[in-house]
Amino acid sequence: MSDPELTTAMPGLAGVAHRWLDVRGLLMHVVEAGSGEPVLLLHGFPQNWWEWHDVIPRLAEQYHVIAVDQRGAGWTDAPRTGYDARTLVEDIVLLIEELDLGRVRIIAHDWGAIVAQLLALDRPDLVEALVVLSCPDLHIRPDASILRLVPTIWFDVPLATAGIGVWAMAWGKQRIVRMLLKHFEPPRGLSNADIDLYLARLRDKDRARAGSALYRNFILPAFVRLVAGRFAGEPFTAPVLVMIGENDPSAALQRMGYRAGLPARTSVEILPGEGHFIVDHRPEVVAQRAADFFRA
């Protein structure tokens with residue numbers, strides 16, 4: 001189902017179909033292309049399904065590709081509540097069931113990769129394989145050098161702060177979010193057109209409120225849980241590939257290594273010269289490496 005207001009300013013991509021699905025009262029926007037085994041794509045912040053527009057056609061040659069706007073992002077509903085780990089994972093579980101996908105391969109970026117990892121831990125029956133982009137494996141063991149990363153991720157605090165976060169995302173020149181899209185990137189960076197598209201969606205106050213709640217109730221708590229080792233006793237059963245640009249702070253976290261005795265089911269690749277938004281910079285690499293990983 002679709003609403004004309006929801007489709008305002010929707011970017012066009014040849015060969016895809018758009019659907020809105022009612023997932024326990026949340027109207028979720030999904031984009032589908034291709035046929036075959038399902039591959040689910042989960043975006044990061046401050047992006048939406050459009051993050052994958054150069055990946056979708058490449059994967060659709062072999063797979064049934066589904067890119068979803070997660071709660072509060074893109075053209076999915078942005079309710080005031082539900083930006084906690086349990087609800088965000090349940091959104092995806094129920095979407096998989098609504099689409100009758102069975103076991104899926106997942107490619108996920110940034111906070112979407114946290115959702116995907118939690119899904120793989122909580123519902124291993126639904127995950128065939130997982131590609132994690134620009135996010136460390138949740139099983140790493142941070143050491144004291146993590147303190148050197150704090151100045152590089154200072155923006156998490158204002159974005160997570162009620163009121164301030166909404167203002168920073170929706171009003172003025174959106175300087176913090178614009179900086180976030182450029183700060184860790186190589187010179188070529190994201191295109192101005194794509195940056196404008198992502199920022200335009202955040203100017204909707206409901207989506208800005210959702211973004212701030214996401215940082216406050218999900219992203220920062222997940223980071224604290226990672227540092228505290230809360231995931232150490234929950235190994236993955238599905239194979240996992242982690243890909244991170246070397247200029248991304250997540251690369252420093254990933255290099256800290258794993259807790260002793262943890263079963264290793266994760267392959268790690270650090271991409272030289274790359275930053276956080278590797279899906280935008282290197283869609284051909286992301287698509288090819290994911291396809292090779294899924295076939296292995």
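Bear in mind that the values in this text are calculations on the coordinates, not laboratory data. The model shown is predicted, which means the values in this text are computed figures rather than measured ones. Counting neighbours? That spans all protein chains shown, and the Cβs are built from the backbone with ideal geometry, glycine included.
For this structure, a couple of remarks:
- Förster radius 51 Å - calculated FRET efficiency between Arg295 and Ala162, Cβ distance, rounded to 0.05: 0.65
- Cleavage-rule hits, trypsin sites (Lys or Arg not before Pro), region 118-220, DSSP coil, Cβ neighbours within 10 Å at most 11: Lys173, Arg188
- Each of [x] 234; [y] 170; [z] 122 is a candidate for volume of the Cα convex hull per residue in Å³; the one calculated from this structure is [z].
- Model label sites at Ala14 and Lys173, defined 7 Å from Cα along the beta-carbon direction, differ in position by 3.8 nm.
- Computed from the C-beta positions of Arg188 and Phe155 and an R0 of 22 Å, the FRET efficiency is 0.50 to the nearest 0.05.
- Inter-part distance where region 67-119 and region 219-296 are each reduced to a Cα centre, Å: 18
- The chain, dipole about Cα centre (Lys/Arg Cβ +1, Asp/Glu Cβ -1), debye to the nearest 20: 980
- Other residues within the sphere of radius under 12 Å centred on the Cβ of Leu199, judged by their own Cβ, net out at +4 (K and R +1, D and E -1).
- Pairwise FRET efficiency - Ala144 versus Glu37, Cβ, R0 = 51 Å, nearest 0.05: 0.75
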